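Encoded as structure tokens, the structure appears first; notes follow it.
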């Protein structure tokens, strides 16, 4: 099914880059940041792209929307990244029409997550869509599409075992610590950055190691203090970061910045440390990993260390796909109905024209038409319109033939009922 926007030349696309083809370093070049939303939207509209949103997470960055071509999207998008369009094309994924819609539904259900069944993505979809909606890039189509994706996510999460067990990007940090660290109670753990992933990591750490020596640092100290008070965790000011690093045994970085927030100079050369970088682009300079005293792992490394529940989750895939199919049918039913609305409105406009034309003729012949008579005629017009609409909706397979018949009956030109 070809899905077109208000401009019939525009098709619906998803164009993006993800962990499937690109590693964390490459993905980092094409990360999209919230502060770019307004400028991106304004420039896109200048180029004729009206309806879209972008989702950018540690595992994927994807553009969903209408455009003339995938090239139009790629060329515009890459101007807002650290990478270039030629390199992007080597790693990009492109789908259009029904395939693009189905991809969003699979992403929202956790089927496309780097760790199968990880549902953190649906929260990101909500947040990113709201940003672009506020910037004026949304329509009824995207509203319905995203709402359907949210419903799919809820149903899959609540009615299948796809998210059963502990396996998510945030929890994988705990898995990694469990697998590589001994005598954890005597280790100093520093969590730097408390965005969504940072908060989830904190919760998992507290849950599994309630007596661990954990410290929080965030650029905005007030946000860290809220979390610190909730779980009785020490919070330090951002100005104390380097002093804390000198005492840290395990550093978890979840700052989500566009540049390195942990550099070579910040960590003493002979310091032994395990560093878990959960940010994309990478916020820990990768050269630290070359030190013999430092063990450095990024998001991709974490995702390979998940527990045995993944096998059980795979058994739930058919159930998740069945749920997607159910909601996809409902979405396309709505879409078909929406496509008939312009025809129904045009039919009513034609009847209204007849009504006004005859009313004008009667007035020219000095006929007196009272308000009740005029109101009665308007009701008849609406009733005929409703009958026409009901027939089209109940007989969608015959809709094209019915519209052609109406065009002949009312001697309308081809395309006038559009």
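List of remarks:
- Taking (1) in contact with a strand residue (DSSP E or B) (Cβ under 9 Å, 6 or more places away or on another chain); (2) part of a helix (DSSP H, G or I); (3) under 29 Å from residue 117 (Cβ atoms) in turn, residue 216 satisfies each apart from (2).
- Test for residue 193: is it crowded, with 18+ Cβ neighbours inside 10 Å and on the phi > 0 side of the Ramachandran plot: yes
- Test: residue in segment 213-221 that is out of contact with any helix residue (DSSP H, G or I) (no Cβ under 9 Å at 6 or more places or on another chain) and under 30 Å from residue 270 (Cβ atoms): no
- For residue 194: the one exception among (1) assigned to a loop (DSSP other than H, G, I, E, B); (2) at pLDDT 90 or above; (3) under 20 Å from residue 107 (Cβ atoms): (3)
- Of the residues making up segment 348-373, those that are part of a helix (DSSP H, G or I) and more than 30 Å from residue 338 (Cα to Cα) are 358, 359, 360, 361, 362, 363, 364, 371, 372, 373.
- Residues of segment 17-62 satisfying the condition of being within 16 Å of the chain's Cα centre (by Cα) and part of a loop (DSSP other than H, G, I, E, B): 19, 30, 31, 32, 33, 51, 57, 58, 59
- Of the listed requirements (1) touching a helix residue (DSSP H, G or I) at 6+ places or on another chain (Cβ under 8 Å); (2) farther than 26 Å from residue 33 by Cα; (3) in contact (Cβ under 8 Å) with a residue 40 or more places away in the chain, residue 235 misses just one: (3).
- Here the strands (runs of 3 or more DSSP E) wholly within segment 229-293 that include at least 1 residues being surrounded by fewer than 20 Cβ atoms within 10 Å (Cβ to Cβ) and in the same structural domain as residue 189 (by TED's automatic domain parsing) are 234-236, 273-277.
The values are calculated or read from the model by the stated rules, or taken from the named source; none is laboratory data. Since the structure is predicted, the reported quantities are computational estimates derived from the model, not experimental observations. Cβ atoms come from the backbone with ideal geometry, glycine included; neighbour counts cover every protein chain shown.
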